[in-house]
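Let me begin by presenting the structure, written as structure tokens, before commenting on it.
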Amino acid sequence: FSAGNEAAPAIDDGMGNITPAVGAEPTEPAYIAGEAASLGRVVAVGSLNIVEPTVTDPNPDYMKISDFSNRAGNDAKNYYILAPGERVVTTGPDDDIVFPGDLTNDADTIGDYYSVSGTSFSAPYVAGALALMLQTFPNLKDKPEVALQILLDTADDYVDTALDPITGTAAGAGADEVSGVGTLNLAQAFSPQGQQTLDFGAEKVSIGTVLAPSGGAFGDWATNSGALNGLVFQDKYERGFVLDADAVSAQLPDGLAGARMVNFQTRADWAAGETHSVRAGNLSFNWTQARLYDDPTAPYQEDPQSTFQMRYSFGANEVEVGRGGSLTRLAPDVSLLNEPGVGNAFSTGGAWAKFSHHLGQGLVMDFFSAEQSGRSQSGFRFGRDKPRWSYRFGATFVEDVNTALGGSVQERFGAEDQTQMTAYALEGAWLAGRRWTLSSGVEMASVDLPGVNVSDVWTSRWSLGASRPAGPGRLSLIVAQPWRAETGSIALNAPVGIDVRGALIHQTVNAGLTPSGRQVDFETRYGFQLAESWTGEAAAVVSTSPNHIAGAEEESALWFRLSTDW
């Protein structure tokens, strides 16, 4: 409803007679806006004067409430909105009918255009906006009060610190007695509002969660697959919008799972800690305690958890158990980077055990088991040890209840990230000549991601290393690729449209699980012994295409340690 054109300020005739201001609230019938009986389906529309620049005032206040427009008042302020109402161009009858006998009338009898003012010409802006809203979003057709509320919620706040001549109050922030909720903003009303989610049939998931790079073996598969472009997401009013996944992803933070670089402070604490070792016959035992830095402001500090390793040999058998560190293998590992989903040498929460049986003629069978932070693995290796070379091949069975192989896949579709994997490994080491030791390893794994429909998921991991004595120490060079998805796809029950009743339309969409790039890490290490008890270590690492994202900026780090016994 038009709010009315009755507004006029108070008049003082100078003789003690004051005519009070009028138009402080909408006139009939617009005053019912905001009443409970209106059920949120009535809005009062006031007039807005869009001020144009002039020579004398090139930078005017852009919009002002019209002098003649009835104000919002207190009762209707939450259902009062402003729209253009001055110098509105509209159609009308021929000028001879409107202005009979006027010498400036044109010669034809065709209807003409007129420039008019009044809240009667403001209300159609809101009515048209509401009609477009109901037409564009089918889910609102049976809930017109929601469509109207969107227009009210997305209005630009009208603020004027000067006292209004009609109400005697200022138009402050939020809904007020002068301007109600503010000025109609059609562009904002048709933009997604609030939390924006996709519904894959289980539960609604935010766009940020769906599109954020997952890290781990699957990297940026969600955006690399392109399958999420064109899906339909919903805002807080359950309106449907077409998703431009590439554009949204470019604006999102990385949000990758886990820290890539090792915690250098933790590493330094372990380097400055105490290590002890004892041996008695076929039994050896060693343990390490990280250094504790006292914090005088902390009322209580727990001691760092110690790590230990015990080895016992009996006959052709050998048993190893430990806490912290990780299972030893022939293949080399990068030391300055964390591999998501894989334990590292400075994680102290995990425990592991290994049993080896020597079959004769250098043949060895290993059985092992390990657990750390919700990730468990068990398996076996079969191989051979000779004076100058060794090799192992076997299988590992992995279960991770926290991540999708170090990243996130299921969570973005309403399930819980977890991994079940069977990995097949081949690794070896070779003493080449008198100085060089070469080592390498490769693993291929079949992966299942419970909670989502995936197929043919295979991942790979490999490393190459070379080391040799150099001066007072030993130099090592390592090139490695962490776990990466090489094949595989996921079938999504994806929202692709909205029907005439406003219900989401789902269909199966297949997306590839391979990332856009391939992370390769290069590390060099040099450990050395100086005079008497001084030792040192220097290392540098460069990671290309981090998290298997093509074009991602390289990451690098340096580490240097010099220590002695005290």
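For the structure I just gave you, tell me whether Pro495 is buried (at least 16 other Cβ atoms within 10 Å of the Cβ) and in the same structural domain as Asp400 (by TED's automatic domain parsing). So Pro495 passes the test. Residues of the stretch 37-57 that are without any contact (Cβ under 8 Å) to a residue 24 or more places away in the chain and part of a loop (DSSP other than H, G, I, E, B): Val51, Glu52, Pro53, Thr54, Val55, Thr56, Asp57.
Scanning the stretch 328-335 finds one or more residues that are farther than 20 Å from Gly379 by Cβ and either at pLDDT 85 or above or of a type in the set (Lys, Arg) (or both).
Between Ile110, Ile97, the distinction of being in a helix (DSSP H, G or I), assigned by TED's automatic domain parsing to the domain that holds Thr183 and surrounded by fewer than 17 Cβ atoms within 10 Å (Cβ to Cβ) belongs to Ile97 only. Within the stretch 134-160, the residues that satisfy the criterion of being within 26 Å of Ala173 (Cα to Cα) and crowded, with 16+ Cβ neighbours inside 10 Å are Val146, Ala147, Leu148, Gln149, Ile150, Leu151, Leu152, Thr154, Ala155, Tyr158, Asp160. Summed over the stretch 256-307, the residues that are in contact (Cβ under 8 Å) with a residue 24 or more places away in the chain and over 30 Å from Ala540 (Cα atoms) give a count of 4. Just one of the listed residues (Arg279, Arg311, Arg267, Arg260) is at pLDDT 85 or above and surrounded by 15 or more Cβ atoms within 10 Å (Cβ to Cβ), namely Arg311. For the stretch 146-178, a tally of residues being in a loop (DSSP other than H, G, I, E, B), of a type outside the set (Phe, Trp, Tyr) and more than 23 Å from Ala131 (Cα to Cα) returns 13. Is it the case that some residue within the stretch 370-392 is closer than 25 Å to Trp270 by Cβ, aliphatic (A, V, I, L, M) and assigned by TED's automatic domain parsing to the domain that holds Ala272? Within the stretch 370-392, one or more residues are closer than 25 Å to Trp270 by Cβ, aliphatic (A, V, I, L, M) and assigned by TED's automatic domain parsing to the domain that holds Ala272. For Gln234, are the conditions met, namely being buried (at least 17 other Cβ atoms within 10 Å of the Cβ), in contact with a Ser or Thr (Cβ under 7 Å, 6 or more places away or on another chain), modelled with pLDDT of 80 or more and among the polar types (S, T, N, Q)? When the stated conditions are applied, Gln234 passes them. Against the conditions (1) under 30 Å from Gln507 (Cα atoms); (2) part of a helix (DSSP H, G or I); (3) not β-branched (Val, Ile, Thr), Ser120 satisfies every one except (1).
For the stretch 516-566, filtered to residues that are among the β-branched types (Val, Ile, Thr) and assigned to a strand (DSSP E or B), the residue that is nearest to the chain's Cα centre (by Cα) is Thr544.
Condition check ((1) of a type in the set (Val, Ile, Thr); (2) within 20 Å of Glu6 (Cβ to Cβ)) across all residues:
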position	(1), (2)
Thr119	yes, yes
Met133	no, no
Asn139	no, no
Asp142	no, no
Leu148	no, no
Gly168	no, yes
Val178	yes, yes
Thr183	yes, no
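Looking at the stretch 396-448, which of the residues that are among the hydroxyl-bearing types (Ser, Thr, Tyr) and out of contact with any strand residue (DSSP E or B) (no Cβ under 6 Å at 6 or more places or on another chain) is surrounded by the most Cβ atoms within 10 Å (Cβ to Cβ)? Residue satisfying both the conditions and the ranking: Thr403.
The values are calculated or read from the model by the stated rules, or taken from the named source; none is laboratory data. Just so we're clear, the structure is a prediction, and the values are computed from it rather than from any experiment. Counting neighbours? That spans all protein chains shown, and the Cβs are built from the backbone with ideal geometry, glycine included.
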